[in-house]
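J.: Here it is: the structure, laid out below.
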Amino acid sequence: MREETFARQKQLDAIPANAKLTPRDPAFPAWGSASTELRKLYTCQMEVYAGYQENTDHAVGRVVKAIEDMGLAENTLIIYIFGDNGASMEGTENGTFNEMTTLNGIPLTARAAVESN
């Protein structure tokens, strides 16, 4: 999937045609080698992230429409930076829904993370 996404980014000119795909970090298992529990956890996390993206897109659309409705679109520069501060390891490679568990020395297993959701 990484290779397909990378190729698609090149086709869309989102990245330079001569860009090289970095090696996958061995700390994170390939999807096919991940356990069922881990795949369930990662699927849930991606669903939450997709919802975050959808909500952000909707909210930005409302701002753009309001600017258009005020007749200011032709004289307005909109700089839209979408980010979530990137991935972080507070929750280990499995992530966490409550970083305080990790900060208190109680990292969740994939099963515990799925069950706590």
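The values are calculated or read from the model by the stated rules, or taken from the named source; none is laboratory data. Computed from a prediction, not measured in an experiment: that's the story for all the values here. Heads up, the Cβs are rebuilt from the backbone with ideal geometry, glycines too, and the neighbour counts pull from every protein chain shown.
J.: Could you check, for the stretch 46-67, whether at least one of its residues is modelled with pLDDT under 95, out of contact with any strand residue (DSSP E or B) (no Cβ under 9 Å at 6 or more places or on another chain) and within 17 Å of residue 92 (Cα to Cα)?
T.: Yes, that holds for at least one residue.
J.: Here are some residues: 102, 43, 92. Which one is under 28 Å from residue 3 (Cα atoms) and out of contact with any Pro (no Cβ under 9 Å at 6 or more places or on another chain)?
T.: Being under 28 Å from residue 3 (Cα atoms) and out of contact with any Pro (no Cβ under 9 Å at 6 or more places or on another chain) holds for just one of 102, 43, 92, which is 43.
J.: Looking only at the stretch 52-85, count how many residues are outside any helix (DSSP H, G or I) and loosely packed, with under 10 Cβ neighbours inside 10 Å.
T.: Number of matching residues: 10.
J.: Restricting to the stretch 41-65, what's the tally of residues that are closer than 21 Å to residue 109 by Cβ, in contact (Cβ under 8 Å) with a residue 12 or more places away in the chain and of a type in the set (A, V, I, L, M, F, W, C)?
T.: 2
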